[in-house]
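The values are calculated or read from the model by the stated rules, or taken from the named source; none is laboratory data. Here the structure is a predicted model, which means the values were calculated and not measured. Cβ coordinates were reconstructed from backbone atoms using ideal geometry, including for glycine residues, and neighbour counts include every protein chain displayed.
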Amino acid sequence: MASYIGSATPRVDGRAKVTGEAKYAGEFNVPGLVHGYVVESTIPKGRIVRIDPSGALEVDGVIDVLTHRNRPQMADKDDAYKDEVATEKGSPYRPLYDDIVLFSGQPLALVLAEDWETARVAASLVKVEYQKAPHVTDLHTERANAFAIDKPEKPRGDAEKAFASAAVRHEAEYFIPTEHHNPMELFASTAIWDDGQLTVYDKTQGVQNVQQYLCGVFKMKPDAVRVMSPYMGGGFGSGLRPQYQVVLAVLAARALKRPVRVMLSRAQMYALGHRPATIERLALGAKSDGTLDAMTHEAIAVTSQFEEFARNDTGWGNLLYRSPNAKFEHKLVKLDVPTSCDMRAPGAATGVYALECAMDELAVALKTDPVQLRLQCYSDRDQGADIPYTSKQLRECYREGAAAFGWDKRKAEPRSMREGSDLVGWGMASGVWEALQMATTVRIVLTANGHAEVATAASDIGTGTYTIMAQVAADMLGLPIDNINVKLGDSTLPQCPLEGGSWIASSVCNAIANTARAVRGDLLKLAIGMKDSPLAGAGVDDVALIDGKIVSRRDATRAVSIASAMQSGTADRITREEANKVAEDKSHARNVHSAIFAEVKVDEQLGVIRVTRVVNAVAAGRILNPKTAHSQVMGGVVWGIGMALHEETLFDHRFGRVMNANIAEYHVPVNADVHDIKVIFVDEPDEMVNPLGIKGLGEIGIVGVAAAIANAVYHATGKRVRDLPITLDKVIQFN
Amino acid sequence: MARSGAAKRVTRMVTVPEKIPIRLTVNGNRMELTVAPWTTLLDALRDHLDLTGTKKGCDHGQCGACTVLVDGRRINSCLTLAVMKEGAEIITIEGLAHDGELHPLQQAFIDHDAFQCGYCTSGQICSAAGLIAEGKAKTADEIRELMSGNICRCGAYPNIVSAIQQAMERS
């Protein structure tokens, strides 16, 4: 039987998704469903002086209006609101808790009606009077108030002195604006209250995180709350923390003793978390031989007034480039906005963008090829911790990526490559992310007919978790993939961390391997118990499960079928639950790497920029499924295109409000923006990172892409745009 | 200030528009339903007929997730009031497969991994069916341009184009 691991297996949930059978959080039409519609604040800071729901209550079909004044009881301590990824410092936001307005778009009331349209029109009739307070929403005007986070990267040597005496220097500031995830599915929760038992269908990347959070907020016992999320219409980090609509849905379901659905509008989702606007300063000093002597990376990012959200943007250079002198500083600025949150490759998408643009500028200053500079500075150690890598095939990424792209045909001079009325630019960058593993438990139930259920409380946010779980289980149990039933997205299943940080594949699959080994042990015991067993004396690691049989690894003719082993032991099912082993070993760094090559064509008259080709060569350990892995990285590249050229949440700072809170004016890449994307997986066997050698792919695809595109725009036009997104107005005066 | 349940004591001053009976043919089935004039075709499908395969992503005609076929043409069902479509023939994602056999576009989307989270997929497939019926798109560039009303945030666009090309070749 051929191995499923490593094969381009089509998604096992593909049929459900192409037929419309897959149900998302806002699609459970239970009888008696009440529809909630949120009334949001129109000011960014102040107090509610008066809130008058009478206009809404006069509308036929309206059941009630919940506000901070009449809501059912909620917990009054911060701890109850701290979910798994809540910030260490600060006080989590509590929806409908009191009269304080912390950000524009904050929910102030929930209108409940028999149908959605009625709730929506009634919501427009709720009157709110405010006492406004002075607000700040502009990072640039507040940067003087920035403060350093508690755990900065350690400095090395004296970066300032080395920079001052460097033969070649580059110093510049880069800027990444606020970005919003904009998953296609609107945030929604359906809460079903049944005599003290609560079932919630929620749009979340972590059902158990939401379950524990709800237990805290509503002081409920764990067995009284079940959170389900069988499918999620995109997360990208936006669904890591419980969002406020789940609290509102549960509040209302408890108040009315009826099932309630709360679905946010697209505009309302701009008052959830976001990628923080960030200012990055890089100062790189090189010796005349083109090696780095000084590296300084400082970042100033946005957080809210009430929580300190920080993902260190600096320090990635420690993983990529040797420099005896280095200094890092990540600072925060508090603004009157919702708390920023994780968004695809948090800290790296932004920090590596700045670092890799700065390296490109240094290459220009050194008159060195950008790939050559990276090879000259290549680090075989994580310099921050001063340890080697479990594996790092980044050199091979540069080599294979450059070859596939045709980098050797690049003319170094900017504006030197043309095609008709277009200036052609080629740029490149490196990418890096972490290869993490988190504690996870998997349950396998094997039945005598050779079918197995594999379960853990993971989420599949489109990453392909259902499929890789089925592949790994099929291989480990020696069964056809059609005999594997994957269960996830249910808080009652065995413990699983949030789907984030690119750690789910390694965590879940290694846990499947351990659980399958335990099942194999049980089967072997049954097989050995058979009369004249051909497997007598064998240990669990002397046998494998292949084609529905327990087979000796030494002599394949010595085998017992699963069915007969279970029959002889009169076992109709074997149930085992085991966890992965998360390495405590700190002797090696665990990272994924990539090299990105991008081609842009810029219309010389109009400044219109198109990304015509991208090659992303990734070294990420074992690739479980080339099909879904390709999609992951390709999607990351599309995100990188959006970050480089399109995405920007625009504020009117006078009012502290988002001006483009919709998916037409907040630009994301559309089909016509995306052309040729080639994904290469560089061979990278790694038995040290974890037993299955899996490193994860969710984040790495985006990291470095915006830099490669920005560098290509410079190469095309001779104009260096450091403020994202690179829109045509910024490049049009490139003469 | 109203407390839960207090609403019952309020005299109703604002009445919502009267519901209107309409007839639609949805996926070959004749349906009779009663909807308010402000109910969109999208909400009628999802909330009244429990056909939740058609997705709501923006309610403003900006994302394309709600694309369905009305009398053979692709439209954004969120920009269409249900009452305007009295007597129309509507095909949703649930109506594309026949007797368990997937529509060539559905199969092509699986073959080419033309989706990740799956939330834009119904709209992409219905839009692609409309595109093929229009007969305007021949090249990959034309497909890209004419499919740009359907946003895929997971970024499956190149695979979506490949899938549509496969289905075009076979149709």
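Brief remarks follow.
- Cβ-Cβ under 9 Å pairs, at least 6 apart or on other chains, region A:522-538 side in a helix (DSSP H, G or I), far side among the basic types (Lys, Arg): A:ASP522/A:ARG576
- Test: residue in region A:501-514 that is in a loop (DSSP other than H, G, I, E, B) and not aromatic (Phe, Trp, Tyr): yes
- Among (1) among the β-branched types (Val, Ile, Thr); (2) over 19 Å from A:PRO242 (Cβ atoms); (3) more than 10 Å from every other protein chain (Cβ to nearest Cβ) - the single one A:THR19 does not satisfy: (3)
- Here A:ALA326 does not fit the description of being within 14 Å of chain B (Cβ to nearest Cβ), of a type in the set (A, V, I, L, M, F, W, C) and either in contact (Cβ under 8 Å) with a residue 24 or more places away in the chain or surrounded by 24 or more Cβ atoms within 10 Å (Cβ to Cβ) (or both).
- Test: residue in region A:686-697 that is at pLDDT 95 or above, buried (at least 22 other Cβ atoms within 10 Å of the Cβ) and within 14 Å of chain B (Cβ to nearest Cβ): yes
- Answer from A:ARG47, A:ARG11 - the residue that is assigned to a loop (DSSP other than H, G, I, E, B) and either crowded, with 24+ Cβ neighbours inside 10 Å or away from chain B (no Cβ under 13 Å) (or both): A:ARG11
- Options A:ASP83, A:ASP79: the member that is in the same structural domain as A:THR204 (by TED's automatic domain parsing) and in a loop (DSSP other than H, G, I, E, B): A:ASP83
- Total residues in region B:79-94, condition buried (at least 22 other Cβ atoms within 10 Å of the Cβ) and more than 22 Å from B:PRO21 (Cβ to Cβ): 1
- Every residue from region A:209-229 that is of a type in the set (S, T, N, Q), away from chain B (no Cβ under 13 Å) and touching an Asp or Glu at 6+ places or on another chain (Cβ under 6 Å): A:ASN209
- Some residue of region A:624-646 being modelled with pLDDT under 95 and in contact with a helix residue (DSSP H, G or I) (Cβ under 7 Å, 6 or more places away or on another chain): no
- Scanning region A:720-729 finds no residues that are without any contact (Cβ under 8 Å) to a residue 40 or more places away in the chain, in a loop (DSSP other than H, G, I, E, B) and within 23 Å of the chain's Cα centre (by Cα).
- For region A:651-681, the set of residues classified as in contact (Cβ under 8 Å) with a residue 60 or more places away in the chain, more than 22 Å from A:VAL611 (Cβ to Cβ) and more than 10 Å from chain B (Cβ to nearest Cβ) consists of A:PHE651, A:HIS653, A:PHE655, A:GLY656, A:ARG657, A:VAL658, A:ALA661, listed by residue number.
Every residue, every condition in (1) surrounded by fewer than 24 Cβ atoms within 10 Å (Cβ to Cβ); (2) away from chain B (no Cβ under 14 Å), yes or no:
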{"site": "A:ASN580", "(1), (2)": "no, yes"}
{"site": "A:HIS588", "(1), (2)": "yes, yes"}
{"site": "A:VAL611", "(1), (2)": "no, no"}
{"site": "A:VAL618", "(1), (2)": "no, yes"}
{"site": "A:VAL633", "(1), (2)": "no, no"}
{"site": "A:GLY640", "(1), (2)": "no, no"}
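Residues are listed down the side, and each one gets a yes or a no for (1) assigned to a loop (DSSP other than H, G, I, E, B); (2) surrounded by fewer than 24 Cβ atoms within 10 Å (Cβ to Cβ); (3) at pLDDT below 95; (4) out of contact with any Lys or Arg (no Cβ under 8 Å at 6 or more places or on another chain):
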| site | (1), (2), (3), (4) |
| --- | --- |
| A:VAL337 | yes, no, no, yes |
| A:ASP342 | yes, no, no, no |
| A:VAL352 | no, no, no, yes |
| A:MET359 | no, no, no, no |
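- Taken over region A:230-259, the criterion of being away from chain B (no Cβ under 12 Å) and either modelled with pLDDT under 95 or over 30 Å from A:TYR174 (Cα atoms) (or both) is satisfied by A:PRO242, A:GLN243, A:TYR244, A:GLN245, A:VAL246, A:VAL247, A:LEU248, A:ALA249, A:VAL250, A:PRO259.
- Test for A:TYR97: is it more than 9 Å from chain B (Cβ to nearest Cβ), surrounded by fewer than 17 Cβ atoms within 10 Å (Cβ to Cβ), among the hydroxyl-bearing types (Ser, Thr, Tyr) and closer than 30 Å to A:ASP138 by Cα: yes
- A:LYS89 being free of Cβ contacts under 8 Å to residues at least 12 places away in the same chain and surrounded by fewer than 16 Cβ atoms within 10 Å (Cβ to Cβ): no
- Flag if B:ASP50 is touching an Asp or Glu at 6+ places or on another chain (Cβ under 7 Å), at pLDDT 95 or above and on the phi > 0 side of the Ramachandran plot: no
- Taken over region A:22-44, the residue count meeting the criterion of being more than 12 Å from every other protein chain (Cβ to nearest Cβ) and acidic (Asp, Glu) is 1.
- Qualifying residue in region A:401-417 (condition: in contact (Cβ under 8 Å) with a residue 12 or more places away in the chain and more than 25 Å from A:CYS377 (Cβ to Cβ)): yes
- Those helices (runs of 4 or more DSSP H) of region B:75-171 in which 3 or more residues are among the small types (Gly, Ala, Ser) and at pLDDT 95 or above occupy B:121-134, B:157-170.
- Residue in region B:34-78 that is surrounded by the fewest Cβ atoms within 10 Å (Cβ to Cβ), counting only those that are within 13 Å of chain A (Cβ to nearest Cβ) and farther than 25 Å from A:ALA25 by Cα: B:THR34
- Residue in region A:50-68 that is surrounded by fewer than 16 Cβ atoms within 10 Å (Cβ to Cβ), within 13 Å of chain B (Cβ to nearest Cβ) and farther than 18 Å from A:TYR130 by Cα present: yes
- Of the residues making up region A:605-662, those that are under 25 Å from A:GLN733 (Cβ atoms) and among the polar types (S, T, N, Q) are A:GLN605, A:THR612, A:ASN660.
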